[in-house]
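The values are calculated or read from the model by the stated rules, or taken from the named source; none is laboratory data. All figures in this text were calculated on a predicted structure; none of them were measured in a lab. Please note: Cβ atoms are built from the backbone with ideal geometry, for glycine as well, and neighbour counts cover all protein chains shown. Calculation scope for accessible area: heavy atoms of the full protein, side chains included, ligands and nucleic acids excluded. Shrake-Rupley method; radii C 1.70, N 1.55, O 1.52, S 1.80 Å.
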Amino acid sequence: QVTLVESGGGLVQAGESLRLSCAASVSIFSVNAMGWYRRAPGKQREFLARITKGGTTEYAESVKGRFTVSRDNAKNTIYLQMNSLKSEDTAVYYCAATSRGIIDWGQGTQVTVSS
């Protein structure tokens with residue numbers, strides 16, 4: 001089981017940027033992929049971005065061009081850089097690690113974008 005701890009959420013105004021961090025309890029090379037999801041009030045959990053062990057990235061259409069996923073291998077941490085934030089980006093953001101068919105989740109971090 002992988003323990004994931006997200007940080008970096010907060011309250012920002014529309015148009016501003018925010019960077020989320022997700023620290024893993026194991027080497028990020030020991031999992032197949034790590035990614036970011038979010039759940040807005042009253043909505044289902046939504047996939048945002050993922051980075052594989054090999055470094056390949058994938059994005060949801062809704063955030064492509066605004067959000068960027070990256071990693072720091074030495075810190076076993078992935079990041080989500082979010083630019084040009086909109087009020088509809090308000091949600092709880094979760095980090096996930098996938099390995100051998102098992103998904104581990106972080107506790108989530110709240111992002112609120114005020115207009």
Short to long, in 5 Å steps from zero, the percent of alpha-carbon pairs of region 1-100 per bin is 2, 13, 26, 26, 18, 10, 4, 0
Here the FRET efficiency for A74 versus N32, based on Cβ atoms and R0 = 25 Å and rounded to 0.05, is 0.80
Expressed as a whole-number percentage, the relative contact order of the chain with C-alpha contacts under 8 angstrom and at least six residues apart is 37
Taking a straight Cα-to-Cα line shorter than 19 Å from K86, and setting aside same-chain aspartates and glutamates fewer than 8 residues away, one finds E16, E46, E61
Phi angles of region 84-101, converted by Karplus (6.51 cos²θ - 1.76 cosθ + 1.60, θ = phi - 60°) into ³J(HN,Hα) in whole Hz with x for Gly and Pro, give 6, 5, 10, 4, 6, 7, 4, 4, 8, 9, 10, 9, 9, 10, 10, 7, 6, x
Rounded to whole Å², per residue accessible area for the chain with a 1.4 Å probe reads 52
